[in-house]
Amino acid sequence: MLPKTSYPASGPKPTHEPINDIHVHGYTMQQVFLPTSESRHFTRRDAAKAFHRTMLPAEERSQHPELIEMVKDVLAGGNRARSAEKFIKAAKQSEQELVRQAEENARREAARTMKINSDRFEFRIQSFDSERVGTTGRARHAVGWRYGAPLDDRKRGKVKIPTQVP
């Protein structure tokens, strides 16, 4: 989780990894003491597992895995121009995939929605499964979760202070 500094053999200056570009995960805000032997090779994957068992290292949580691959390729001794071309090609491909997925989601949503035009409005009607509203009828995707159902905090006799720490 600490920044990494590379000291090239032929270069005059060491290169520092930019730590401002890495998103700070909520699990890493806690202080963790994990005893390990000094001879053990402790990687970012190990550090992520120390914070939480399902947490991924920063390289795998990154929004731009193509950029990480380009930097790794350059640091391994690859040609900088060829690595940049590969990065641009991979970034375009992933961007096209995101656009394709967004179009597919919009197409699926439009197929599920029936539109009725009137003089002033366009009504959009979707089918809804009333069995998926949860045991109390207040599931997040249910109708009335936000506006239609009153909260219990104003009812008489309800405990209004927290009784447990999350």
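Here are some notes:
- Exposure proxy shown here: for VAL71, VAL32, VAL159, the number of other Cβ atoms within 10 Å sets the order, fewest to most, as VAL159, VAL32, VAL71.
- Here the extension length gained between LEU75 and LEU34 equals 11.8 nm, from 0.36 nm per residue of separation less the Cα-Cα distance.
- Within the listed set ALA58, ALA76, ALA139, the Gaussian network model of the chain (springs between alpha-carbon atoms below 10 Å) gives the highest mean-square fluctuation for ALA139.
- Taking other C-beta atoms within 10 Å as the exposure proxy, TYR7, TYR27 rank TYR7, TYR27 from fewest upward.
- Residue exposure sequence - ARG107, ARG61 - by fewest surrounding Cβ within 10 Å: ARG107, ARG61
- Farthest positive-ward along the stretch 63-132 dipole, Cα basis, beta-carbon charges - from ALA84, ILE125, ALA102: ALA84
- Full-extension gain in nm, GLN164 to SER118, via 0.36 nm per residue minus C-alpha separation: 11.4 nm
- Solvent-free Debye scattering, log10 I(q)/I(0), computed from the Cα coordinates of the stretch 63-132 at q = 0.22, 0.26, 0.28 Å⁻¹: -0.95, -1.06, -1.12
- Size of charge dipole - the chain - debye, nearest 20, with Cβ of Lys, Arg +1 and Asp, Glu -1, no other charges: 640
- Shape metrics for the chain, restricted to C-alpha atoms - Rg then Dmax, Å: 25.7, 76
Bear in mind that the values in this text are calculations on the coordinates, not laboratory data. Fair warning: this is a prediction, and the values are worked out from it, not measured in the lab. Neighbour counts run over all protein chains shown; Cβ positions are idealised from the backbone, glycine included.
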